[in-house]
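Encoded as structure tokens, the structure appears first; notes follow it.
The values are calculated or read from the model by the stated rules, or taken from the named source; none is laboratory data. Owing to the predicted nature of the structure, the values given are computational and were not obtained by experimental measurement. In this analysis, Cβ positions are derived from the backbone assuming ideal geometry, glycine residues included, and neighbour counts consider all displayed protein chains. Areas reflect the complete protein model, heavy atoms only, side chains present, ligands, DNA and RNA absent. Shrake-Rupley method; radii C 1.70, N 1.55, O 1.52, S 1.80 Å.
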Amino acid sequence: MTILLLSLLLFLILGIPIAYALGLSSFGYFVIQHPELLDILPMRFFSGLNLYALIALPLFILMGLLMNSSGITARLIDFSLLFVGRLRGGLGLVNVMASMIFGGISGSSASDTASIGAVLIPEMEKRGYPKRFAAGITVASSTMGMIIPPSIPMVLYAIIAEESVGKLFLGGLIPGVMIGLFQLGIVLIISIKNNYPTEEVSLTLQNVVRQGKRSSVALVMPLFVVGTVVFGVATATESAAMGAGYALLVGILLTTGVARSNYLKKTLPQTLNSAIQTSAKIMIIIAMSKLYIWVLALERIPEAVTAFVVAMALPPTVMLLFIVLIILIAGTFIDVSPAIMLLTPVFLPACVAVGISPIQFGAILISALAVGAVTPPVGTCINVASAISGLGIGTIFKGAAPFLLANVITLILISIFPALTLWIPSLFMN
Amino acid sequence: MERRLKQLLEVLLILCFSGILALVLLLVVLRYGFNTTLIGGNEFVVILFVYASALGAAVVLGKNEHISITWFVNRLPLEYRKYADIINFALVGFINGVMLVYSIGWIATTGDYVSAALGIPQYFAQMAVPLGCGVALLYSLNQILLTLFSDKTYDPSL
Amino acid sequence: KKDTTIVFKYANSQPEQHPRSQSMQFFKQELEKRSQGRIQVENYFSAVLGTEFEVQDMVATGALQGTRGGGFIHANKKYYIFTLPFIVNNWDEALRLVHSDFTKEVNLEARKNGYHIPACGISQGFRAHTNNRRPIQTPDDLKGLKMRVPQQEVYIVNAQALGVNPQELPYSEVYMALKTGVVDGQDNALSNIWDYKIYEVQKYLSLSNYGTGPDPFMVNLDWYNVLSPDLQKLFDEVAVEAMAYSDQLNQENEAIYIQKLTEKLETNTITPENLDKFRKATEPVYQYFIEKGYFSKDDVNRAKTSISD
Ligand code: NA
Ligand code: NA
């Protein structure tokens, strides 16, 4: 076990790509501890690629890129600026607001990073924000994607915890919105301190109407993606494909003549190519981390941790805060879905034993793992942002750190006050 | 030769991804327009996705664009950086070779298991592992040769 | 390895409190006790080592030694007979089938594919339909409904025979799809309808006992062959007891689940004469698999005779 952790650290320091570092250290473990289990390597690798739910990933990346190349994004941002553009750090505020809205559409933080990041990181850079700030706020605000309902990870938790998905969704509402509001505040403070740009916005009726008209194709976009899910036309994965299809159609309609044939013959294949390669960078990490997680499960590390926590006999709130700390640490090494699968059976029994509601624990677990998704070395969102922005994950994390304060404060509050996660579910469901 | 391979792979990637997009959309259209579905449609989408990811990872390796923590190696003097790179590519090639070798036994034993919905042998999908890792191994070797014999100067900002 | 204890690594997808896992805990206790520690059983539940089909591969290559789950078709295609619509109509018949000489032969045939199967039970229990449109009384009520079907041939063919609009969705998307109305309904074992909270997003439950499935205890044959004859005998003995315990737990639970679900959903039981209409409508399913060569008409007849014995 120690071999596994230390060798991973060594390989990462050497600068070996994260995916292959995970693979190499797992290989080392098998050779030394279980040579008879080496067959597992290709099987686990394959299972990490063979994931239907993650098809939404390249599709949302594609949607973002197509929104950019077809000019949808620029129109959408111009429109959003009418509301917050005059404030300091207007585009940073737009970024957080977009994630709050997008969080209500998609069930995943990675797709939030992919689509909003592809649009806003280059735009913020263009308007003079440090790239680190732009990428940082993008990943930090994308944590809301899996906390604000709907949420793919919460469905997974509900199944393992045998709890109501509906109640869990509602339980995530207040924590999600709290994170968003805190982050808006932090953006404002940082922007005022650093004198980040405000945007020139003319608020005459004429201009508002003109911008509204120009952005109407863009405004239909989120409605289209949300609408297909809310009105039951499509699943989350299908809506990603429909979003990409819509952006493609708009690109075709907005161009004419030579520009259109260029769009179809050059831009489109290039965009498809770049989206699938970006997604492959992330998929290969997920595939290799499957090996690592398998070893943790085989060695029954989660069980050992439970026994340890229960033996300490702490008061519920203190225990919960202690568990939050462990989840945060675990979340930096394990990706969201596997972490839910590993940690739920570990900590939930201990929590239920001292009277903590599974709904509250679920909201805490998902909120804490959302932070893990944006921290190195293993974090899907931060990897997506790195692939999009070209920045190193350490740099992006430094940019995100101030905003993650909002997540940590929220985590502490929902651990101490159960009502924050239990009140809304109790209103709507007996 | 190397450029040909990259072009071929990128065409394959685009085809796989277009196939995914088209099939997912088609399944929605069939559900509402025609009250039916393509049996095994989702299973086929996932197979395309597995190939796109495995081959995509190899192409990305060829461009040396994988996500890594370069903070430490960036602080090495240039001549040591060269050796670090060679060691890294050797190790990356090695783990891909391991995957390739061990996938043979796995596919030989279970490749004829038929898939649940399409009813095709699962080696169709499994082959993505030796294929993707094989190409990745080639790219690693190529990168080692490039690093050894080229006088390319290192740009620390990369 | 010179070690005197032999390790039996086993994995399944269900959580620890599920009957399948509970019966494997029983298996572990009894086998370790009665073999005086010569065999050590390591159980892994909740899919921590992989999905059912991934774990099946691991047992095939010998990385793991045993599993129970949906990959049984790879041990012997004839297990598909147990999943046919109305092959059995109630628990009595189901238990007679799995204890019959016919089933023992099917178990033995799995050796050709590298599996030792000491015993076979019934997986979970009987499947039932739920949906948001109307109570299902006759096959006509199913016509045109958008129903989620598992990505497995038998359920797809079955759905087509009943005239529904089948939609394949992975498990993880079912709840949301039912909630938003992407699909109208689904069919599943009663325990799953309860455990996965499907009742929260459905209105009607229709009980027909139309189908169930086999639960063979699949063991890597090479591993088993290395055991001494007395350990082999002991292993099989405890396995038979564990599977009987599993069937008993499942049967008891099903009655409880029906009661709990009746409180949540508008429930109807399909009348015997309407059940005949379902039997007639699903006859093509039998033919489909016979033509595909999964089993012969004779196999089906022998399975049916074994029930009436
Ligand atoms: Na969400
Ligand atoms: Na954002």
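Of the residues making up segment C:8-47, those that are of a type outside the set (D, E, K, R), open to solvent by 20 Å² or more (accessible area, probe 1.4 Å) and touching a Lys or Arg at 6+ places or on another chain (Cβ under 9 Å) are C:SER13, C:GLN14, C:GLN40, C:PHE45. Counting the residues of segment C:1-32 that are in contact with a helix residue (DSSP H, G or I) (Cβ under 6 Å, 6 or more places away or on another chain) and part of a loop (DSSP other than H, G, I, E, B) gives 3.
In segment A:396-426, of all residues being farther than 21 Å from A:LEU328 by Cβ and touching a residue at least 40 places away in the same chain (Cβ under 8 Å), the one that is most open to solvent (accessible area, probe 1.4 Å) corresponds to A:TRP423.
Do we find that A:VAL119 is part of a helix (DSSP H, G or I) and away from ligand 1 (no atom under 12 Å from the Cβ) in this structure? It is true that A:VAL119 is part of a helix (DSSP H, G or I) and away from ligand 1 (no atom under 12 Å from the Cβ). If only residues of segment A:289-333 that are β-branched (Val, Ile, Thr), open to solvent by 20 Å² or more (accessible area, probe 1.4 Å) and touching a residue at least 40 places away in the same chain (Cβ under 8 Å) are counted, the one that is nearest to A:PRO35 (Cα to Cα) is A:ILE293.
Of all the criteria given as (1) aliphatic (A, V, I, L, M); (2) more than 12 Å from every other protein chain (Cβ to nearest Cβ); (3) open to solvent by less than 10 Å² (accessible area, probe 1.4 Å), the one not satisfied by A:ILE382 is (2).
Out of all the residues in segment A:134-145, is one or more within 16 Å of ligand 2 (Cβ to nearest atom), under 23 Å from the mean Cα position of the chain (by Cα) and open to solvent by 20 Å² or more (accessible area, probe 1.4 Å)? Checking segment A:134-145: not a single residue is within 16 Å of ligand 2 (Cβ to nearest atom), under 23 Å from the mean Cα position of the chain (by Cα) and open to solvent by 20 Å² or more (accessible area, probe 1.4 Å). Across segment A:31-45, the qualifying residues are those that are more than 7 Å from every other protein chain (Cβ to nearest Cβ) and assigned to a helix (DSSP H, G or I), and the one among them that is surrounded by the fewest Cβ atoms within 10 Å (Cβ to Cβ) is A:PRO35. Would you please list the contacts, defined by Cβ atoms under 7 Å and residues six or more apart or on different chains, that run from a residue in segment B:117-134 that is under 17 Å from C:LYS292 (Cβ atoms) to a residue that is assigned to a helix (DSSP H, G or I) and at pLDDT below 90? Going by the 7 Å Cβ cut-off, the qualifying pairs are B:ALA117/B:GLU43; B:ALA117/C:GLU153; B:ALA117/C:ILE156; B:LEU118/B:GLU43; B:GLY119/C:GLU153. Screening the candidates A:GLU163, A:GLU199 for the property of being away from ligand 1 (no atom under 16 Å from the Cβ), under 30 Å from A:SER415 (Cβ atoms) and either away from chain C (no Cβ under 14 Å) or at pLDDT below 90 (or both) yields one hit, A:GLU163. Among the numbered conditions (1) at pLDDT below 85; (2) small (Gly, Ala, Ser); (3) not in a helix (DSSP H, G or I), the only one that A:GLY128 does not meet is (1). For segment C:56-73, a residue qualifies if it is without any contact (Cβ under 8 Å) to a residue 40 or more places away in the chain and more than 14 Å from chain A (Cβ to nearest Cβ), and exactly one does: C:ILE73.
Would you point out which residue out of A:GLY23, A:GLY15, A:GLY48 is part of a helix (DSSP H, G or I) and at pLDDT below 90?
So the residue among A:GLY23, A:GLY15, A:GLY48 that is part of a helix (DSSP H, G or I) and at pLDDT below 90 is A:GLY48.
Of the candidates A:ILE276, A:ILE285, the single residue that is modelled with pLDDT under 85, within 27 Å of B:HIS66 (Cβ to Cβ) and within 11 Å of another protein chain (Cβ to nearest Cβ) is A:ILE285. Which one of B:GLY97, B:GLY119 is farther than 30 Å from A:LEU8 by Cα and either open to solvent by 30 Å² or more (accessible area, probe 1.4 Å) or more than 8 Å from chain A (Cβ to nearest Cβ) (or both)? On inspection, the qualifying residue turns out to be B:GLY119. Within segment A:114-130, not a single residue is among the charged types (D, E, K, R), within 14 Å of chain C (Cβ to nearest Cβ) and either at positive phi or touching a Leu at 6+ places or on another chain (Cβ under 9 Å) (or both).
Note on segment B:22-36: residues that are open to solvent by 20 Å² or more (accessible area, probe 1.4 Å), closer than 20 Å to A:ALA56 by Cα and either of a type outside the set (A, V, I, L, M) or under 22 Å from the mean Cα position of the chain (by Cα) (or both) total 2.
Within segment C:214-260, the residues that satisfy the criterion of being under 30 Å from C:ASN274 (Cβ atoms), open to solvent by 10 Å² or more (accessible area, probe 1.4 Å) and either outside any helix (DSSP H, G or I) or out of contact with any Ser or Thr (no Cβ under 9 Å at 6 or more places or on another chain) (or both) are C:GLN251, C:GLU252, C:ALA255, C:ILE256, C:GLN259, C:LYS260.
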